[in-house]
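Participant: Sharing a structure below in structure tokens format, with a few things to ask.
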Amino acid sequence: QVQLVESGGGLVQPGGSLRLSCAASGSIFSFLAMNWYRQAPGKQRELVATITTGGSTNYADFVRGRFTISRIIAKNTVYLQMNSLKPEDTAMYYCNARKTMSDYWGQGTQVTVSP
């Protein structure tokens, strides 16, 4: 069973930065893609950023230019560097790993952006 463990969330002021980590229990090469999603209270879960097995990245328009997804293959870890944070970035952030027929989720890490 694949396990994903997120860390790095917290409280930050507007304009600040955080780096989220997602550690996988197995090789991240076994997944087609790894993604970061977020869900704010009362809203649907939304895709934030993606990194594929080949290293290609993609971002939601609302974070492009501010967030960066990356990985360290040897550590089986994916990161989300979040800069220029805004109050509307406040949400629970989830790591997702995708295979052809399966999706795996972490437990989430809370990010709160507030003065």
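Participant: Under 8 Å between Cβ atoms, which residue pairs at least 6 apart in sequence (or on different chains) link something in the stretch 16-45 that is aromatic (Phe, Trp, Tyr) with a partner that is part of a loop (DSSP other than H, G, I, E, B)?
Facilitator: Every condition considered, the pairs that remain are PHE29/THR53; PHE31/THR53; PHE31/LYS99; TYR37/ARG45.
Participant: So which residues in the stretch 98-114 are at pLDDT below 95 and either within 14 Å of SER21 (Cβ to Cβ) or loosely packed, with under 12 Cβ neighbours inside 10 Å (or both), if there are any at all?
Facilitator: Hits for the stretch 98-114 are THR100, MET101, SER102, ASP103.
Participant: Oh, and also: Residues being crowded, with 17+ Cβ neighbours inside 10 Å and closer than 22 Å to THR90 by Cα: count how many of those fall in the stretch 24-50.
Facilitator: Residues meeting the conditions: 8.
Participant: Which of the residues spanning the stretch 7-22 are in a strand (DSSP E or B) and either loosely packed, with under 13 Cβ neighbours inside 10 Å or over 11 Å from the mean Cα position of the chain (by Cα) (or both)? Outline the logic, then answer.
Facilitator: Step one: list which residues in the stretch 7-22 are in a strand (DSSP E or B), which gives 7, 10-12, 18-22.
Within the stretch 7-22, GLY10, LEU11, VAL12, LEU18 qualify.
Participant: Enumerate the pairs (first residue in the stretch 52-79 and among the basic types (Lys, Arg) and assigned to a strand (DSSP E or B); second residue anywhere and modelled with pLDDT of 95 or more and surrounded by 13 or more Cβ atoms within 10 Å (Cβ to Cβ)) with beta-carbon separation below 7 Å, excluding pairs fewer than 6 apart on the same chain, so at least 6 apart or on different chains.
Facilitator: Filtered contacts from the stretch 52-79: ARG71/ILE51; ARG71/THR77; ARG71/VAL78; ARG71/TYR79.
Participant: Go through (1) open to solvent by less than 10 Å² (accessible area, probe 1.4 Å); (2) closer than 14 Å to SER7 by Cα for LEU85 and report which single condition fails.
Facilitator: Going through the list (1) open to solvent by less than 10 Å² (accessible area, probe 1.4 Å); (2) closer than 14 Å to SER7 by Cα, LEU85 breaks only (2).
The values are calculated or read from the model by the stated rules, or taken from the named source; none is laboratory data. Note that this is a predicted model, so its numbers are computed, not measured. Heads up, the Cβs are rebuilt from the backbone with ideal geometry, glycines too, and the neighbour counts pull from every protein chain shown. We work out accessible area using only protein heavy atoms, side chains counted, and drop any ligands, DNA or RNA first. Shrake-Rupley method; radii C 1.70, N 1.55, O 1.52, S 1.80 Å.
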